[in-house]
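To start, the structure under review is shown below, and the notes come after it.
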Amino acid sequence: MKLFDCTLRDGANVLGKGFPADLTEMMLQGLIENGITAIEYGNAGGIGAYEVSNSIAPLTDLEYLDLVQPYLGKAEIGMFLNAKRYREQNVVLAAEKGLAFLRVGADAGDSAIAMDAVRIVARHGMKVYYSLMKAYIVSPAALAEESRKLEDAGVHEITIMDSAGFMTPDQTSRYTEALVNAVGIPVGFHGHNNLGLSVANVLAAVGSGAELIDCGLLGMARSAGNTPTEVIAAVLQRDGKLPEVNLFGLLRFLEDRLIPAMERHGYHTAIPPLDLILGYSGCHSGFLKLFRDIAREKNVDLLRLIAVVTGKNQKSPSEDEIRAAADAL
């Protein structure tokens, strides 16, 4: 199982059509340093959108491609390619600049318009991923049949996209099971949070065999946002999954760097790292003052302290227990 972080592509919708260079580099560093190494980035409309559909981002595709060069050996990095905006020269450019993949996307039922793009991406030596956008507009059986055709055409991974945040966990399970039973390639899920169900839907997808989870730091994405990267990492680590992700390092990056940077752009996260750790560990917020005071006195990380102490005593952690844990940290 892996997280497929889309902050630097779908998340760019919170600012317009793309992140500026400084935020792009900041997030690339924060993701890679904390074990999240499947990253989709660039223009929110995908490669070619700048020219084809006047999707004006702070950087052109070429500028995004040049910016990412120092990171290509450290992570699996690629761009989105909307099938309606496919131009072969953009695929050639992506290959020449060393991208690991292009993720081709089209509405469910419309894969016929994407087949040329799929074949050309593969021909140029990149992995071909595919997004079944608005997956809910066709039946699970129809989506499964379409997925079989895409696998035959050379797609390496395929993702169910709940583009409007419409799906429920039951729907997510049925669609995921249908695809997992139909294809031999990894199946992913991309959830939006319009009904407040993105994390529940991810759990349903994982329980039905999904291996790839789309997500965004702080939930950043169009509309009500994507499944928050840090939240789903915490939830899945509770179940023993994603050991490669440095959860506390990621939360420190968010607190120290990304959250302040995004607040300057008017974006505020719904679930700050401290509240996330309370849920992750089972710590009641009534104990926070004691934890804060001791963490400050001992100069230790508050989030780690909460997790360590509450891992042993969720009911009523004492001052002595908290002090002993702080000394050990």
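From least to most packed, judged by other beta carbons within 10 angstrom and beginning with the fewest, 150, 329 follow the order 329, 150. Once the C-beta distance of residue 301 and residue 113 is scaled by a Förster radius of 41 Å, the resulting FRET efficiency is 0.25 to the nearest 0.05.
By counting other Cβ atoms within 10 Å of each Cβ, how are 41, 86 ranked from fewest to most?
In increasing order of surrounding Cβ atoms, one gets 86, 41.
As a length-normalised measure over Cα pairs under 8 Å and 6 or more apart, the relative contact order of the chain settles at 15 percent. Listed by Cβ neighbour count within 10 Å, with the fewest neighbours leading, 66, 107, 5 appear as 66, 107, 5. Axis of helix 169-182 versus longest Cα principal axis of the chain: the two differ by about 50°, to the nearest ten degrees. The slack between residue 25 and residue 97, meaning 0.36 nm per residue of separation minus the straight C-alpha distance, is 24.2 nm.
Working from label points 7 Å from Cα in the Cα-to-Cβ sense, the residue 237 to residue 53 distance is 3.6 nm.
Note on region 160-313: Cα-only Rg and Dmax are 17.1, 57 Å.
Per-residue ellipticity at 222 nm computed for the chain from its helices equals -12500 deg cm²/dmol, with DSSP H segments shorter than 4 residues left out and the rest contributing -39,500 (n - 2.57). If you count the DSSP beta bridges with both ends in the chain, what percent of them are antiparallel, to the nearest 5? In the chain, approximately 5 percent of DSSP beta bridges are antiparallel ones. With a simple spin-label model that places each label point 7 Å from the Cα along the Cα-to-Cβ direction, the separation between residue 69 and residue 164 comes to 4.4 nm. Full extension of the chain segment joining residue 142 with residue 87 gains 17.0 nm, where the gain is 0.36 nm per residue of separation less the Cα-Cα distance.
Values in this text are rule-based calculations from the coordinates and carry no lab data. Please read these numbers as outputs of a predicted model, since none were measured by experiment. All Cβ positions, glycine included, derive from the backbone under ideal geometry; neighbour counts span all protein chains shown.
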